[in-house]
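Asks: Attaching a single structure in structure tokens format; questions to follow.
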Amino acid sequence: RRSSDLPPLMALGAAGSEELAYEMGRITAIEGRALGIHMTYAPVVDVNVNPDNPIINTRSVGESPELVARIASAFIKGCQSAGMLATAKHFPGHGDTDQDSHSLLPAIKADLNRLESIELYPFQKAIEAGVEAVMTAHLYVPALEPEEGLPATLSPRILTDLLRNKMGFKGLIVTDALEMRGITGYFGEEEAALRALKAGVDLLLLPPDPVKVIEHLKQAVRSGEVSLTRVEES
């Protein structure tokens with residue numbers, strides 16, 4: 001039979017029902033597992049605070065951090081209850097931008113207090129709900145990363161200091177696609193992969209040339225540029 005047609009997350013937000021969100025996660029897992037898929041890059045936990053956002057919009061549960069956290073956490077629990085790893089994305093929050101990181105590197109200009117009360121809140125709740133993976137965002141967030149133009153995907157301050165150490169996330173950190181212009185427009189693919197690994201990433205998603213990237217990472221371990229311990233952690 002054909003798979004279930006499920007609505008975008010904003011429809012779940014409009015319904016406001018944790019029960020429906022849990023069930024949508026559970027169905028996603030059951031039907032995905034039937035095809036041999038064990039991980040989903042969902043749900044989006046970005047808060048849709050910018051109406052001009054060209055890429056998140058209806059992929060978000062809504063504009064309230066509390067609603068996003070509540071509905072996304074129920075989806076995560078439903079999904080993982082049926083044996084599929086869920087992924088909260090795009091860390092540290094892709095909601096407040098009017099640009100698309102598939103095309104360039106957006107900047108999130110909010111201060112730390114705003115980030116903690118809006119962008120980071122649903123991620124903290126997803127971690128408390130037991131989410132197994134978090135996906136990084138190709139965003140420059142100066143309140144969290146002083147190095148100008150450094151995307152969150154490549155930032156040890158954002159991925160290790162904040163997500164791992166401060167927020168207590170113990171699961172898998174996966175990059176957003178490394179073939180996106182938010183990375184390739186500014187960094188070579190080998191450099192980006194190595195910097196992501198050093199920043200604390202466990203899974204490198206869609207580098208343009210995986211064979212070349214793997215060889216570069218192996219060489220970096222051999223030369224001592226990145227420790228074997230860092231690789232083995234992942």
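Asks: Here are some conditions: (1) in contact with a helix residue (DSSP H, G or I) (Cβ under 8 Å, 6 or more places away or on another chain); (2) part of a loop (DSSP other than H, G, I, E, B); (3) buried (at least 24 other Cβ atoms within 10 Å of the Cβ). His102 meets all but one. Which one does it not meet?
Replies: Here His102 clears every test but (3).
Asks: Going residue by residue through the stretch 125-138, is there one that turns out to be open to solvent by 10 Å² or more (accessible area, probe 1.4 Å), over 19 Å from Leu6 (Cα atoms), of a type outside the set (Asp, Glu) and in a helix (DSSP H, G or I)?
Replies: Yes, that holds for at least one residue.
Asks: Could I ask something else about it? Within the stretch 8-55, how many residues turn out to be modelled with pLDDT of 95 or more, open to solvent by less than 60 Å² (accessible area, probe 1.4 Å) and assigned to a loop (DSSP other than H, G, I, E, B)?
Replies: 9
Asks: While we're here: Every residue in the stretch 105-124 that is part of a loop (DSSP other than H, G, I, E, B) and not hydrophobic (A, V, I, L, M, F, W, C), please.
Replies: If the condition is that a residue be part of a loop (DSSP other than H, G, I, E, B) and not hydrophobic (A, V, I, L, M, F, W, C), then Pro106, Lys109, Asp111 are the ones that fit.
Asks: Return yes when Ile158 is modelled with pLDDT under 95, touching a helix residue (DSSP H, G or I) at 6+ places or on another chain (Cβ under 9 Å) and closer than 28 Å to Pro122 by Cβ and no when it is not. Quick ask: steps written out before the conclusion?
Replies: On the way: modelled with pLDDT under 95: no; touching a helix residue (DSSP H, G or I) at 6+ places or on another chain (Cβ under 9 Å): yes; closer than 28 Å to Pro122 by Cβ: yes.
When the stated conditions are applied, Ile158 does not pass them.
Asks: Oh, and also: So is Leu112 out of contact with any Ser or Thr (no Cβ under 8 Å at 6 or more places or on another chain) and over 27 Å from Gly168 (Cα atoms) or not?
Replies: Numbers: out of contact with any Ser or Thr (no Cβ under 8 Å at 6 or more places or on another chain): yes; over 27 Å from Gly168 (Cα atoms): no.
Considered against the rule, which asks whether it is out of contact with any Ser or Thr (no Cβ under 8 Å at 6 or more places or on another chain) and over 27 Å from Gly168 (Cα atoms), Leu112 comes out as no.
Asks: Now for a different question. Out of the stretch 161-195, which residues are β-branched (Val, Ile, Thr) and open to solvent by 20 Å² or more (accessible area, probe 1.4 Å)? Steps first, please.
Replies: First pass over the stretch 161-195, keeping only residues β-branched (Val, Ile, Thr): 173-175, 183-184.
Listed by number, the list holds a single entry, Thr184.
The values are calculated or read from the model by the stated rules, or taken from the named source; none is laboratory data. Note that the coordinates shown come from a computational prediction; the quantities given were computed from them, not determined experimentally. Because the Cβ atoms are built from the backbone with ideal geometry, glycine has one as well, and the counts that use them run over all protein chains shown. Ligands, DNA and RNA are stripped out before the accessible areas are found, and what is left, the full protein with its side chains, is counted by its heavy atoms. Shrake-Rupley method; radii C 1.70, N 1.55, O 1.52, S 1.80 Å.
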